[in-house]
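Q: Dropping a structure here in structure tokens format, bear with me for questions.
The values are calculated or read from the model by the stated rules, or taken from the named source; none is laboratory data. Keep in mind that what you see is a predicted model, and the values were worked out from it rather than measured. Because the Cβ atoms are built from the backbone with ideal geometry, glycine has one as well, and the counts that use them run over all protein chains shown. What goes into the accessible areas is simple: the full protein's heavy atoms, side chains included, and nothing from ligands, DNA or RNA. Shrake-Rupley method; radii C 1.70, N 1.55, O 1.52, S 1.80 Å.
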Amino acid sequence: IPLDTVNKSWAIAMSFAAKERLKASLEKGKTTLKVRVKTNIYPSEELTIVADIKGSEMPEERLVFSAHIQEPGANDNATGVGLALEMASLTAKFIKQQQYEPKRTLTFLWGDEIISTQRYVQEDSIRAKYIRWGISLDMVGEDTEKTGGTFLIEKMPDPSAIWTRGNDKHTEWGGSKMKLEQMKPHYLNDFLIDKFKQQGKRANWIVSTNPFEGGSDHVPFLRQNIPSVLFWHFTDQFYHTDNDRIDKVSKTTLKNVGTTALIAAYTLLNADKKVAKSILLNLETAAVSRLNEEFKQSKIAINNGDSLSTQIEIITAWKDWYQKSFTTTSGLFSDEKVINNDIEKSQKLIDSISSVIIKELQKKN
Ligand SMILES: [Zn+2]
């Protein structure tokens, strides 16, 4: 509620039932409420729990899962807190049983939303320099038949956050139109989308994505130029009400999100040149299908009277985004030269596909 010195607007948290009663009463006409508010303002400490599972070969490099603790609901965010705990305990078990050994460090953070991840990436510049990936777990266990919105991967800023069209949709949370210089080209989006779509197929589970919107623990990472995404569900009709209870949580969803997140993390933590090459190949496939989809959307746009120059701008933006993303795969191991040829090949392919598309669009005009 923004400060309004004239109307003196104010807000209180209300139970779901009280809100429904109030709405019903408002429908009948003018309603007067008598509200007694007891409030307490006091200095408090900001506390974060950090769990590190040290990598065996590159301990300074790390992947960070964060779950915010300050929301009191079951889905928002006991699911994120609980899932992170389960992932940490499982990893400890696998290490004890010698089934898995992370080469890079796996870190879990439990703290105040945005404040704790912000502090984590700021208070130690050397530690921050080696954070490779940040993943936020926020509302990750929804029973979507009751709550509404499907599972979502909120992508790092890509051109869909500038030109949101076709299958790309913002959530009810909403996002503001971004600029080209705010883009964060990286393999992380498509790598995770691929892993989650595979699980979606196996488990008959709906996995969607949304263009960057912000508002959770992934933001401080991105501000620091650390690749970061958000795993979440939206919208949830019980979100931020006292009806966000355990009966709105699905064990199956938690299992799907947790298993896939852990598999993806283990892959990144132990990535070597073989993994880097497979990530690059997957990224190339994603780039080709993205360009074809944007080609389709551009033809529709031109038919609807949109300008050709905008369409060329969009195709070029996607081409650039993917070409830069390809180069980020070389950061997965020390000898960059091994993958440089493959990166160049992928870049050339995307270059030629996008020029064909642009020529076709010019013909249409
Ligand atoms: Zn939340």
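Q: Rank these residues by their accessible area, most exposed first, probe 1.4 Å: K28, K255, K195.
A: Values: K28 180, K255 145, K195 40 Å².
Descending order: K28, K255, K195.
Q: Per residue, how much accessible surface does the chain expose to a 1.4 Å probe? Answer in Å², no decimals. Could you put the intermediate results ahead of the total?
A: Values: 19630 Å² over 365 residues.
The answer is 54 Å² per residue.
Q: So which residue, out of Q323, Q118, Q70, gets the largest mean-square fluctuation from a GNM of the chain using Cα contacts under 10 Å as springs?
A: Result: Q70 has the largest fluctuation of those listed.
Q: Moving to a separate point now. Within the accessible area of the chain, what % is carbon and sulfur when the probe is 1.4 Å and the other protein chains stay in place?
A: On the way: 10200 of 19630 Å².
Using a 1.4 Å probe with all protein chains present, the chain comes out at 52 percent carbon and sulfur.
Q: How much length, in nm to one decimal, is gained on full extension between E172 and K146, taken as 0.36 nm per residue of separation minus their Cα-Cα distance? Intermediate results must be reported in sequence, preceding the final value.
A: On the way: separation 26, 0.36 × 26 = 9.36 nm, distance 1.70 nm.
So the chain would gain 7.7 nm between E172 and K146.
Q: Another question, then. Out of all DSSP beta bridges in the chain, what portion is antiparallel? Express it as a percent rounded to 5.
A: On the way: 11 of 34 bridges.
Of all bridge pairs located within the chain, approximately 30 percent are antiparallel.
Q: Which number do you get for Rg(Cα) / (2.2 N^0.38 Å) in segment 103-240? Intermediate results must be reported in sequence, preceding the final value.
A: Details: Rg = 15.2 Å, N = 138, 2.2 N^0.38 = 14.3 Å.
In units of the 2.2 N^0.38 Å rule of thumb, it is 1.06.
Q: Evaluate the distance, in nm, between pseudo-label points positioned 7 Å from the Cα of T31 and of K364 along their respective Cα→Cβ axes.
A: Taking the simple label geometry, T31 and K364 are separated by 5.0 nm.
Q: Please list the non-local residues whose amide H lies under 5 Å from the amide H of N210, H modeled 1.01 Å from N, same-chain partners needing a gap of 5 or more.
A: I153, E154, K155
Q: While we're looking at this one, here's another question. Got the relative contact order for segment 261-365 handy, in percent, Cα pairs under 8 Å and 6 or more residues apart? Write out the running numbers ahead of the final one.
A: Numbers: 70 pairs, mean separation 40.8, N = 105.
Over segment 261-365, the number comes to 39 percent.
Q: Might you work out the accessible area of D272 for me, using a 1.4 Å probe with all protein chains in place, and round it to the nearest 10 Å²?
A: About 60 Å², rounded to the nearest 10.
Q: Mind checking the alpha-carbon convex hull of segment 290-365 and giving the volume per residue in Å³? Before the final figure, lay out each step's value.
A: Working: hull volume 5.1 nm³, N = 76.
So the per-residue hull volume is 66 Å³.
Q: While we're here: List the lysines whose alpha-carbon lies under 17 Å from that of K348, not counting same-chain residues fewer than 8 positions away?
A: Leaving aside lysines fewer than 8 places away in the same chain, those within reach of K348 are K277, K319, K324, K359.
Q: For a quick protection proxy, order the peptides 38-48, 148-158, 134-144, 167-177 by their average other-Cβ count within 10 Å, most packed first. Intermediate results must be reported in sequence, preceding the final value.
A: On the way: 38-48: 6.5, 148-158: 21.8, 134-144: 25.6, 167-177: 13.4.
Final packing ranking: 134-144, 148-158, 167-177, 38-48.
Q: For D112, tell me the accessible area in Å² from a 1.4 Å probe, rounded to the nearest 10.
A: 50 Å²
Q: Separate question: Quick one: Cα centre-to-centre distance for segment 106-141 and segment 36-104, in angstrom?
A: First find each Cα centre; the distance between them is then 9 Å.
Q: If I model a spin label as a point 7 Å beyond the Cα along the Cα-Cβ vector, how far apart are those points for S56 and S15 in nm?
A: 5.4 nm
Q: What does the net charge come to around V121 if you take all other residues with beta carbon closer than 13 Å to its beta carbon, with K and R at +1 and D and E at -1?
A: Details: positive: R62, R119, R127, K129, R132, R223; negative: E123, D124, D217.
That sum, taken over residues with Cβ under 13 Å, equals +3.
Q: Skipping prolines and chain starts, which residues have an amide H placed within reach, meaning under 5 Å, of the one on N77, given they are 5 or more residues away or on another chain?
A: The answer is E71.
Q: Another one. What shape does segment 217-365 have by the C-alpha gyration tensor, where a ≥ b ≥ c are the square roots of the eigenvalues, rounded means a/c under 1.5, and otherwise prolate means a/b greater than b/c and oblate the rest?
A: Values: a/c = 2.61, a/b = 1.28, b/c = 2.04.
Judged from the Cα gyration tensor, segment 217-365 comes out oblate (a/c at least 1.5, b/c at or above a/b).
Q: Students sometimes get this wrong: rank E360, E284, E181 by accessible area, probe 1.4 Å, all chains present, largest first. Please list the in-between numbers first.
A: Values: E360 70, E284 45, E181 145 Å².
Putting E360, E284, E181 in descending order of accessible area: E181, E360, E284.
Q: Which aspartates and glutamates, on any chain, are close to K299 with Cα under 17 Å apart, when same-chain ones fewer than 8 places away are left out?
A: Counting by Cα, and skipping residues close in sequence, K299 has these aspartates and glutamates nearby: D168, E313, E360.
Q: Enter the Cα centre distance for the pair segment 179-238 and segment 258-296, rounded to the nearest angstrom.
A: Taking the Cα centre of each part, segment 179-238 and segment 258-296 sit 13 Å apart.
Q: Could you name the lysines in cross-link range of K8, using Cα to Cα under 30 Å and dropping any fewer than eight places away on the same chain?
A: The qualifying lysines are K19, K23, K28, K30, K34, K38.
Q: Indicate the gyration tensor shape class of the chain (rounded, prolate or oblate), computed on the Cα atoms with a ≥ b ≥ c the square roots of the eigenvalues: a/c under 1.5 is rounded; otherwise a/b larger than b/c is prolate and the rest oblate. Could the numbers behind the result be given before it?
A: Working: a/c = 1.96, a/b = 1.24, b/c = 1.58.
Since a/c reaches 1.5 but b/c is at least a/b, the shape of the chain is classed as oblate.
Q: Continuing with the same structure: If I model a spin label at I95 and N225 as a point 7 Å from the Cα along the Cα→Cβ vector, what separation in nanometres do I get?
A: Placing both labels 7 Å beyond Cα along the Cβ direction yields 3.0 nm.
Q: Using the Karplus curve 6.51 cos²θ - 1.76 cosθ + 1.60 with θ = phi - 60°, work out ³J(HN,Hα) for each residue of segment 331-341 in order, rounded to whole Hz, and write x for Gly and Pro.
A: x, 7, 8, 6, 8, 5, 4, 4, 9, 4, 4
Q: Under the Kirkwood approximation for Rh and a Cα-based Rg, what ratio Rg/Rh is obtained for segment 200-257? All intermediate terms of the calculation are to be shown ahead of the outcome.
A: On the way: Rg = 14.1 Å, Rh = 13.8 Å.
Radius of gyration over Kirkwood radius for segment 200-257 works out to 1.02.
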